[in-house]
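The values are calculated or read from the model by the stated rules, or taken from the named source; none is laboratory data. Note that the structure is predicted; figures quoted are calculated from it, not measured. Ideal geometry is used to build each Cβ from the backbone, glycine not excepted, and the neighbour counts take in all protein chains shown.
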Amino acid sequence: MSSKHLTETSKFLSYVLRHEPHAIGLQLDAEGWVEIDALLAGATKAGRTLDLATLREVVDSSDKKRFTLSADGQRIRAAQGHSASGVNLQHTERQPPPVLYHGTAARFLESILQQGLIAGARHHVHLSQDTVTAVAVGQRYGKPVLLKVDAQRMHRQGFRFYQSENGVWLTEAVPVEFLLVDDQLT
Ligand code: HQG
């Protein structure tokens with residue numbers, strides 16, 4: 001299958017498994033799972049050609065391991081990034097590394113330096129362990145800016161951190177006092 005078709009299908013899966021399952025008549029459970037049969041049927045009904053082989057190829061080829069299959073292979077979920085209500089993944093709570101990064105766009109900086117990082121539509125603020133990933137995330141919205149998060153100090157003060165099954169660090173919000181604009185991009 002062409003990489004363009006795989007990317008496009010991956011975006012469709014992110015849309016229904018993270019944000020709008022109802023768009024194709026699906027309901028996710030509290031842990032974000034849905035029966036693969038129901039997903040394929042819903043997609044077909046919505047006029048999209050999606051078969052099991054394609055679905056498995058998208059899952060296997062996802063650079064960020066965005067989707068997880070259940071142990072019995074019957075169900076699928078997005079590993080993180082949800083905004084859908086009624087979904088509340090029990091991500092593993094972990095002690096974070098001393099520093100985490102958040103990539104954003106320059107045009108959001110003023111607001112972030114006033115309010116701190118907020119989750120917005122998603123259930124968590126997303127943080128990365130490495131700067132390359134963070135810059136790529138920020139670049140999706142415009143000229144990227146890299147923010148350094150003092151995760152160690154946050155954790156010491158009782159803020160909780162979680163790691164999704166595909167390795168993304170998550171927290172509820174990051175107050176301004178724990179943020180530093182990293183000047184390596186300027
Ligand atoms: C910004 C991708 C103004 C925030 C990535 C971001 C990630 C504020 C945007 C995942 C703000 C939200 C999530 C404030 C935060 N004022 N703007 N106070 N606080 N923002 O897409 O972190 O490829 O919901 O900086 O890898 O960009 O889809 O979050 O720019 O893990 O699998 O508000 O998406 O994964 O944007 O990206 P998003 P994100 P996938």
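Tell me, yes or no, whether region 30-46 has at least one residue that is polar (S, T, N, Q) and within 17 Å of the chain's Cα centre (by Cα).
No - not one qualifying residue is present in region 30-46.
Have a look at 63, 72 and point out the one that is part of a loop (DSSP other than H, G, I, E, B), among the acidic types (Asp, Glu) and modelled with pLDDT of 95 or more. Walk me through how you get there before you give the answer.
Details: 63 fails: modelled with pLDDT of 95 or more.
Answer to the selection: 72.
Could you check, for region 61-71, whether at least one of its residues is more than 16 Å from the chain's Cα centre (by Cα) and more than 30 Å from residue 132 (Cβ to Cβ)? Please lay out each step first, then the result.
First pass over region 61-71, keeping only residues more than 16 Å from the chain's Cα centre (by Cα): 61, 69-71.
Okay, now just the ones that are also more than 30 Å from residue 132 (Cβ to Cβ), so 70-71.
Yes, region 61-71 has at least one match.
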Options 24, 76; residue that is among the aliphatic types (A, V, I, L, M) and more than 25 Å from residue 136 (Cβ to Cβ) | 24
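Looking only at residues that are assigned to a loop (DSSP other than H, G, I, E, B) and either aromatic (Phe, Trp, Tyr) or touching a Leu at 6+ places or on another chain (Cβ under 7 Å) (or both) in region 29-50, which one is surrounded by the most Cβ atoms within 10 Å (Cβ to Cβ)? Reasoning before the result, please.
Going residue by residue through region 29-50, those that are assigned to a loop (DSSP other than H, G, I, E, B) are 29-33, 46-50.
Retained after the next criterion (residues that are either aromatic (Phe, Trp, Tyr) or touching a Leu at 6+ places or on another chain (Cβ under 7 Å) (or both)): 31-33, 50.
On the way: 31: 12, 32: 24, 33: 19, 50: 19.
So the residue we want is 32.
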Within region 164-176, how many residues are more than 11 Å from residue 116 (Cβ to Cβ) and either surrounded by fewer than 18 Cβ atoms within 10 Å (Cβ to Cβ) or of a type in the set (Phe, Trp, Tyr) (or both)?
-> 4
Note on region 79-95: residues in contact with a strand residue (DSSP E or B) (Cβ under 6 Å, 6 or more places away or on another chain) and surrounded by 21 or more Cβ atoms within 10 Å (Cβ to Cβ) are 79
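How many residues does region 154-172 contain that are on the phi < 0 side of the Ramachandran plot and under 20 Å from the mean Cα position of the chain (by Cα)?
Count: 13.
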Subset of region 1-28, residues in contact (Cβ under 8 Å) with a residue 40 or more places away in the chain, part of a helix (DSSP H, G or I) and touching a helix residue (DSSP H, G or I) at 6+ places or on another chain (Cβ under 6 Å), comes to 6, 9, 10
Selection from region 106-145 of residues farther than 29 Å from residue 28 by Cβ and of a type in the set (A, V, I, L, M) yields 106, 109, 112, 113, 132, 135, 145
Mind checking which residues of region 100-117 are without any contact (Cβ under 8 Å) to a residue 60 or more places away in the chain, out of contact with any strand residue (DSSP E or B) (no Cβ under 6 Å at 6 or more places or on another chain) and among the hydrophobic types (A, V, I, L, M, F, W, C)?
-> 105, 108
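Residue-wise test of (1) farther than 27 Å from residue 14 by Cα; (2) among the hydrophobic types (A, V, I, L, M, F, W, C); (3) at pLDDT 95 or above.
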residue	(1), (2), (3)
97	yes, no, yes
103	no, no, yes
106	no, yes, yes
129	no, no, yes
134	no, yes, yes
151	yes, yes, yes
155	yes, no, yes
173	no, yes, yes
